[in-house]
Amino acid sequence: MTQTRAEAAASFEGRERIRLFCALRLPPETVQGLVEWQRLAFAGARDVRVLSAAHLHITLAFLGHRPVGEVDAILVELREAAASAQTPLLSVRRYRETRSVAMLALDDDGGHAQALARDLQGRLERLGVYEPERREWLPHVTVLRFRTRPRLHPPLPDLAPFSPSDAALYHSLLRSGGAQYEVMESFALGGR
């Protein structure tokens, strides 16, 4: 269940800064398909951490540790960017590993996800809460984490093209077992 801003703010008593990111949420059937694929594709993989359903999303902008007092302004910009966005249509292009994560890179039919990411990142940069990354934004879903690159070559998941339902501001809580993500508030794409 999604918390209201007041409930979220109350839960941060005594903390000045919280770790935040903005992301597109995946439709439930896409998440279910990804979880089933992960179970089969990584069944024998060693020394990897398969990400849970709650961790599957498409990051639009990672903000890092921000003062709690900035949350309302960030939500305004996220709401406006989401309202003016055209709903993306995404599909799986390829599996890719970096130094510490494995991801599914996505095709962005019509470039609508790219346009939303650019718009939101520009808004957040002007607000002073986001620093642009060096490389161009790539729509992807992170599916594994690891310390040593496993160099896996799993078959791609058989997922139908999908459209994210909304964009959300997430609070990332760092725990001994890994990060826990909580949606602070979400907004429908295209003002729906």
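The values are calculated or read from the model by the stated rules, or taken from the named source; none is laboratory data. Since the structure is predicted, the reported quantities are computational estimates derived from the model, not experimental observations. Cβ coordinates were reconstructed from backbone atoms using ideal geometry, including for glycine residues, and neighbour counts include every protein chain displayed. Remember, those area values only see protein heavy atoms, side chains included, never the ligands or the DNA or RNA. Shrake-Rupley method; radii C 1.70, N 1.55, O 1.52, S 1.80 Å.
When 66, 79, 25, 123 are screened for being touching a helix residue (DSSP H, G or I) at 6+ places or on another chain (Cβ under 7 Å) and under 19 Å from residue 169 (Cβ atoms), only 123 passes. Residue count for region 111-138 satisfying the condition of being within 21 Å of residue 19 (Cα to Cα) and either hydroxyl-bearing (Ser, Thr, Tyr) or open to solvent by less than 20 Å² (accessible area, probe 1.4 Å) (or both): 6. Evaluating residue 142 against the criteria (1) under 13 Å from the mean Cα position of the chain (by Cα); (2) open to solvent by 40 Å² or more (accessible area, probe 1.4 Å); (3) among the β-branched types (Val, Ile, Thr) leaves one unmet condition, (2). Within region 159-171, being surrounded by 12 or more Cβ atoms within 10 Å (Cβ to Cβ) and at pLDDT 95 or above holds for 159, 161, 162, 163, 164, 166, 167, 168, 169, 170, 171. Close contacts from region 26-42, counting a first residue that is under 15 Å from residue 95 (Cβ atoms) and a second that is small (Gly, Ala, Ser), with Cβ to Cβ under 9 Å and a gap of 6+ residues or different chains, come to 33/160; 34/53; 42/102. The residue that is farthest from residue 23 (Cα to Cα), counting only those in region 145-158 that are surrounded by 15 or more Cβ atoms within 10 Å (Cβ to Cβ) and either touching a helix residue (DSSP H, G or I) at 6+ places or on another chain (Cβ under 7 Å) or of a type in the set (Asp, Glu) (or both), is 154. Applying the condition of being farther than 27 Å from residue 64 by Cα and part of a loop (DSSP other than H, G, I, E, B) to region 13-44 and asking which residue is least open to solvent (accessible area, probe 1.4 Å) yields 42. A residue that is in a strand (DSSP E or B), farther than 19 Å from residue 163 by Cβ and touching a residue at least 40 places away in the same chain (Cβ under 8 Å) can be found somewhere in region 49-58.
Consider residue 47 carefully, then state whether it is charged (D, E, K, R) and either over 14 Å from residue 101 (Cβ atoms) or crowded, with 19+ Cβ neighbours inside 10 Å (or both). It is false that residue 47 is charged (D, E, K, R) and either over 14 Å from residue 101 (Cβ atoms) or crowded, with 19+ Cβ neighbours inside 10 Å (or both).
If you go through region 64-82 one residue at a time, do you hit one that is assigned to a loop (DSSP other than H, G, I, E, B) and in contact with a strand residue (DSSP E or B) (Cβ under 7 Å, 6 or more places away or on another chain)? No.
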